[in-house]
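Everything below concerns the one structure shown next.
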Amino acid sequence: MSIIEEYLQQPSAIPENELVKVLIDGVRIQRAKVIGDDRGSITELVDMQDPYWSLGMAWMYRVTCRPNKVKGWGIHDHHTDRYMVIDGEAQVVLYDDRKDSPTFGVAQEFYLSHTGVNQLTIPSGVWHMHRNLGTRDLIMLNAPSEPYNHAHPDKRKLPIINDYIPYKFKPPIGW
């Protein structure tokens with residue numbers, strides 16, 4: 001069975017906190033563990049025993065994106081990003097640019113929200129961008145595997161619309 005056939009057989013909904021296989025090699029998605037009652041909720045942001053955090057944690061920062069805005073394309077040559085949506089809804093698009101990857105050249109969309117799947121690991125060598133799908137600011141945390149070096153940033157960028165990445169935004173359609 002090819003990796004694409006295997007991906008297509010994956011469920012569209014996943015059980016609480018269970019990892020699922022995804023199309024792009026090395027990408028992981030999951031739900032953060034949420035415990036709630038009539039008073040409110042607790043969301044476990046970081047549990048170093050969880051395989052999601054197996055690379056350790058060097059630092060963490062907060063990212064916001066205004067409604068209907070897009071940030072990206074960006075890529076890191078050395079570190080892995082780990083996104084967690086805290087509030088809002090995001091479309092995250094990845095493009096595997098690793099020539100030695102079994103999924104080289106694959107683009108994939110993810111839809112993350114604070115009420116559903118909200119954690120996404122993005123390996124180095126994978127282009128990524130995100131778009132706020134909601135009506136208020138999207139708030140995410142990122143916990144990269146390495147600290148940011150302001151003198152020598154591990155980041156390259158491309159314009160949202162470019163001839164390199166074969167992904168085009170679909171027009172907003174609905175009823």
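Yes/no per residue for (1) of a type in the set (Gly, Ala, Ser); (2) crowded, with 18+ Cβ neighbours inside 10 Å; (3) at pLDDT 95 or above:
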| position | (1), (2), (3) |
| --- | --- |
| Asn68 | no, no, no |
| Ile75 | no, yes, yes |
| Ile86 | no, no, no |
| Leu94 | no, yes, yes |
| Asp100 | no, no, yes |
| Ala107 | yes, no, no |
| Leu112 | no, yes, no |
| Thr115 | no, no, no |
| Pro123 | no, yes, yes |
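Regarding region 36-43, can at least one residue be identified that is part of a strand (DSSP E or B) and under 19 Å from Ile160 (Cβ atoms)?
Step one: filter region 36-43 for residues part of a strand (DSSP E or B), giving 36-37, 40-43.
If we keep only those that are under 19 Å from Ile160 (Cβ atoms) as well, we get none.
No.
Residues checked against (1) without any contact (Cβ under 8 Å) to a residue 60 or more places away in the chain; (2) among the β-branched types (Val, Ile, Thr):
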{"site": "Ser113", "(1), (2)": "yes, no"}
{"site": "Ile122", "(1), (2)": "no, yes"}
{"site": "Asn132", "(1), (2)": "no, no"}
{"site": "Met140", "(1), (2)": "no, no"}
{"site": "Ser145", "(1), (2)": "no, no"}
{"site": "Asp154", "(1), (2)": "no, no"}
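Please note which strands (runs of 3 or more DSSP E) are completely contained in region 95-146 and include at least 1 residues that are basic (Lys, Arg). Steps first, answer last, please.
On the way: elements: 107-113, 119-122, 126-132, 138-142.
The strands (runs of 3 or more DSSP E) meeting that bar are 126-132.
Could you list, in sequence order, all residues of region 22-35 that are assigned to a loop (DSSP other than H, G, I, E, B) and either of a type in the set (S, T, N, Q) or loosely packed, with under 15 Cβ neighbours inside 10 Å (or both)? So that I can check it myself, show each step before the final result.
Applying the first criterion (assigned to a loop (DSSP other than H, G, I, E, B)) to region 22-35 yields 22-27, 31-33.
Correct list: Lys33 only.
Applying the selection to region 70-89, what residues are on the phi < 0 side of the Ramachandran plot, under 16 Å from the mean Cα position of the chain (by Cα) and part of a loop (DSSP other than H, G, I, E, B)? Talk me through it step by step, then tell me what you get.
Of region 70-89, the ones on the phi < 0 side of the Ramachandran plot are 70-71, 73-87, 89.
Those still in the list that are under 16 Å from the mean Cα position of the chain (by Cα) too: 70-71, 73-76, 79-87, 89.
Answer for region 70-89, where residues must be on the phi < 0 side of the Ramachandran plot, under 16 Å from the mean Cα position of the chain (by Cα) and part of a loop (DSSP other than H, G, I, E, B): His76, His79, Thr80.
The values are calculated or read from the model by the stated rules, or taken from the named source; none is laboratory data. Since the structure is predicted, the reported quantities are computational estimates derived from the model, not experimental observations. Ideal geometry is used to build each Cβ from the backbone, glycine not excepted, and the neighbour counts take in all protein chains shown.
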